[in-house]
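Colleague: I'd like to ask you about the structure that follows.
Where a number appears in this text, it was derived from the coordinates with a stated rule and is not lab data. Keep in mind it's a predicted model, so treat the numbers as computed, not measured. We place every Cβ from the backbone using ideal geometry, glycine too, and count neighbours over all the protein chains shown.
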């Protein structure tokens, strides 16, 4: 990481530069590309201002913080940039997973549908469930603990697949599959 430090309205104290470089090394673990950082430290009346611009391949992060102490301003600015990096990485992960889902959904649409195309019925979500062996009482407790509308489980006694769900009147309904 290439770090350049600029001082405005203050003397160039080397420990500020060392501190900022040390704190920026914390961010290096989040970005694996070549990174260039420009740090501007300035004093305006009683305020210490730290401004950090980080430029990497395809990403530009800017953080600016004011505090009574320069170390605190640098720390807050680094934290702000760290949050921006995490947010950027999360967006790129979501973008990649959404494109995969769109390809899968495209494969589902290509299959012939038994319904009219005008009815516009479609699968919007698919979940794979691992059926846990449990009793009816355990399934009810599981459903109340997780606030789910239903629980699919394998009955521990009969080994059949069962679904329990809450009815509109507050009672439970049980569906059992015979296999």
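Colleague: Counting other beta carbons within 10 Å of each residue's own, what order do 146, 21 fall into, fewest first?
Modeller: Taking fewest neighbouring Cβ atoms as first place, the list is 146, 21.
Colleague: Exposure proxy check: 169, 18, 155, 79 ranked by fewest other beta carbons within 10 Å?
Modeller: 169, 18, 79, 155
Colleague: Any chance you could run the full-extension gain for residue 90 through residue 14? It's 0.36 nm times the residue separation minus the Cα-Cα distance, nm to one decimal.
Modeller: Full extension from residue 90 to residue 14 adds 23.8 nm.
Colleague: Kirkwood Rh over alpha-carbon pairs of the range 2-94, then Stokes-Einstein at 25 °C and 0.890 mPa s: what D in µm² s⁻¹, rounded to an integer?
Modeller: 182 µm²/s
Colleague: Where is the GNM fluctuation largest for the chain (alpha-carbon springs, 10 angstrom cutoff): 160, 60, 48?
Modeller: Judging by the Gaussian network model, the answer is 160.
Colleague: Let me know the Rg and Dmax you get for the range 133-176 when you use only its Cα atoms, in Å.
Modeller: 9.8, 29
Colleague: Based on DSSP H runs of at least 4 residues, each adding -39500 (n - 2.57), what is the mean residue ellipticity at 222 nm of the chain after dividing by all its residues, to the nearest 500 deg cm²/dmol?
Modeller: Rounded to the nearest 500, it is -13000 deg cm²/dmol.
Colleague: In whole angstrom, note down how far apart the Cα centers of the range 41-55 and the range 131-179 are.
Modeller: So the two Cα centres are separated by 59 Å.
Colleague: How big is Rg to Rh over the chain, alpha-carbon atoms, Rh as the Kirkwood inverse-mean-distance radius?
Modeller: Here the Rg-to-Rh quotient is 1.28.
Colleague: Could you line up 7, 46 from fewest to most neighbouring Cβ atoms inside 10 Å?
Modeller: Listing 7, 46 from fewest to most nearby Cβ atoms yields 46, 7.
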